[in-house]
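Presented below is the structure to which this report refers.
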Ligand code: HEM
């Protein structure tokens, strides 16, 4: 029997008549769907890729072929503004497509990615394809986000990005687009903003808590910690992170964490060489990093306890490499820095085939087996970059293929 999304939802309903009833109530909501109102054929056309997470073909690249992330980002965590009905889903999908008709894809325009949290699937009475978030180290107590939906908007052009955000979620029309208002379906609960790219962290340094006040961040640094991240050899590919079969084929999963940075001792207590040892690997030097602009080799079979014993420190990328698959990391990093609330932060956006892949990767960052008091390696101290980061929030999302990006699994809409 072919598994359709609707069958999955009904089959996965929690238990008994109450749960099935919940699904039916959503399906037949009395919101006045008139004939043809949910007809997909009447939606505006979109020529964006089938995968929402397909950015690689259009991002800018540096001289070495590393993808350069869009410079400006918004993460909008949303509650449902009303009962989800096929008519409201249709209107929301039409709104997104109208935006995409007048704004190009990619960093010159705006990337639009929509994800759905476990609470969305609970609302349908369905089994969620993604687990609820949980703390992923002994030293963190994050807020566990579970909004219905999340929007990730990204662009090199901050004014255009703001215009798209206002058009979708503030009711401010976008010239030539028509009705682009998502507020019939979604209401923003939490807004996170940020940036990545040469010079942007330095420009935000003054007045941002968590950064040194007496030492400028390097002029060309794309991130507060001073290094370029997401190097070509050390990212998963978009194929790697795409769900291969089942009802969510063509989609991916997204983990979004918020991380506070406290970088005074990163810049004062550690010199250039020490920062490279902690960010990359215990036996690497600034010259090695400069010689390998597409990424250092990060061997999977490294004996981290032996490294800790020998060097008294282990590297962040070195620890993460232990969970590589097919010679590559399991996740695509699309993180960016932030000065939200005037505090230095990272909004860490990671894409992977399953949330289990993220959890394995994040657990590797704890490098528990490398902890060795005699050698001076603790859970935080001399253990990659753990000393300087504090995770404050985590959330897990399904990012469906573009065709199913609104109200995935809503009976009568995407069945
Ligand atoms: C919070 C601030 C963080 C910064 C500034 C940072 C920066 C970096 C840098 C500079 C690299 C090496 C350059 C490269 O290969 O691209 C790297 C590698 C990596 N990072 Fe991070 N990172 C951070 C947090 C995280 C987190 C939270 C995760 C995931 C849980 C993560 C996962 C990885 C992975 C998978 C690699 C590549 C490892 C490999 O080559 O196998 N990073 N990071």
Among the numbered conditions (1) more than 9 Å from the ligand (Cβ to nearest atom); (2) in a helix (DSSP H, G or I); (3) within 29 Å of residue 209 (Cα to Cα); (4) in contact with a helix residue (DSSP H, G or I) (Cβ under 9 Å, 6 or more places away or on another chain), tell me where residue 357 comes up short. (3)
Which condition breaks for residue 53 when tested against (1) part of a loop (DSSP other than H, G, I, E, B); (2) touching a helix residue (DSSP H, G or I) at 6+ places or on another chain (Cβ under 8 Å); (3) crowded, with 20+ Cβ neighbours inside 10 Å? (2)
Output for Cβ contacts, cut-off 9 Å, separation at least six or different chains, first residue on the phi > 0 side of the Ramachandran plot in region 303-315, second exposed (fewer than 14 other Cβ atoms within 10 Å of the Cβ) and outside any helix (DSSP H, G or I), reads 312/376
Every residue from region 183-221 that is in contact (Cβ under 8 Å) with a residue 60 or more places away in the chain and out of contact with any strand residue (DSSP E or B) (no Cβ under 8 Å at 6 or more places or on another chain): 183, 184, 207
Within the bounds of region 388-395, is there any residue that is modelled with pLDDT of 95 or more and assigned to a helix (DSSP H, G or I)? yes
Can you name the residue in region 344-353 that is farther than 18 Å from residue 145 by Cα and more than 10 Å from the chain's Cα centre (by Cα) and is also nearest to the ligand (Cβ to nearest atom) among such residues? 344
Which one is farthest from residue 195 (Cα to Cα), of the residues in region 223-233 that are within 6 Å of the ligand (Cβ to nearest atom) and out of contact with any strand residue (DSSP E or B) (no Cβ under 8 Å at 6 or more places or on another chain)? 231
Among the candidates 242, 193, which residue alone is part of a loop (DSSP other than H, G, I, E, B), within 18 Å of the chain's Cα centre (by Cα) and more than 16 Å from the ligand (Cβ to nearest atom)? 242
In the list 174, 168, 151, which residue meets the criterion of being in contact (Cβ under 8 Å) with a residue 40 or more places away in the chain, under 22 Å from residue 75 (Cα atoms), touching a helix residue (DSSP H, G or I) at 6+ places or on another chain (Cβ under 9 Å) and part of a loop (DSSP other than H, G, I, E, B)? 174
With 384, 327, 341 as the choices, which residue is within 13 Å of the ligand (Cβ to nearest atom), surrounded by fewer than 24 Cβ atoms within 10 Å (Cβ to Cβ), more than 30 Å from residue 84 (Cβ to Cβ) and under 24 Å from the mean Cα position of the chain (by Cα)? 327
Check on residue 286, out of contact with any helix residue (DSSP H, G or I) (no Cβ under 6 Å at 6 or more places or on another chain), at pLDDT 95 or above and within 14 Å of the ligand (Cβ to nearest atom): no
For residue 306, work out the one condition from (1) near the ligand (Cβ under 10 Å from one of its atoms); (2) surrounded by fewer than 22 Cβ atoms within 10 Å (Cβ to Cβ); (3) closer than 15 Å to residue 383 by Cα it doesn't fulfil. (1)
Quick one: which residue in 74, 98, 48, 132 is in contact (Cβ under 8 Å) with a residue 12 or more places away in the chain and more than 22 Å from the chain's Cα centre (by Cα)? 98
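For every residue, the table says whether it meets (1) surrounded by fewer than 19 Cβ atoms within 10 Å (Cβ to Cβ); (2) under 25 Å from residue 252 (Cβ atoms); (3) away from the ligand (no atom under 16 Å from the Cβ); (4) modelled with pLDDT under 95.
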{"position": "140", "(1), (2), (3), (4)": "yes, yes, no, no"}
{"position": "150", "(1), (2), (3), (4)": "no, yes, yes, no"}
{"position": "155", "(1), (2), (3), (4)": "no, yes, yes, no"}
{"position": "158", "(1), (2), (3), (4)": "yes, no, yes, no"}
{"position": "162", "(1), (2), (3), (4)": "yes, no, yes, no"}
{"position": "166", "(1), (2), (3), (4)": "yes, no, yes, no"}
{"position": "169", "(1), (2), (3), (4)": "no, yes, yes, no"}
{"position": "183", "(1), (2), (3), (4)": "yes, no, yes, no"}
{"position": "189", "(1), (2), (3), (4)": "yes, yes, yes, no"}
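The values are calculated or read from the model by the stated rules, or taken from the named source; none is laboratory data. As the structure is a computational prediction, the values presented were derived from the model and not from experiment. Neighbour counts are summed over all protein chains in view; Cβ atoms, including those assigned to glycine, are modelled from backbone coordinates with ideal geometry.
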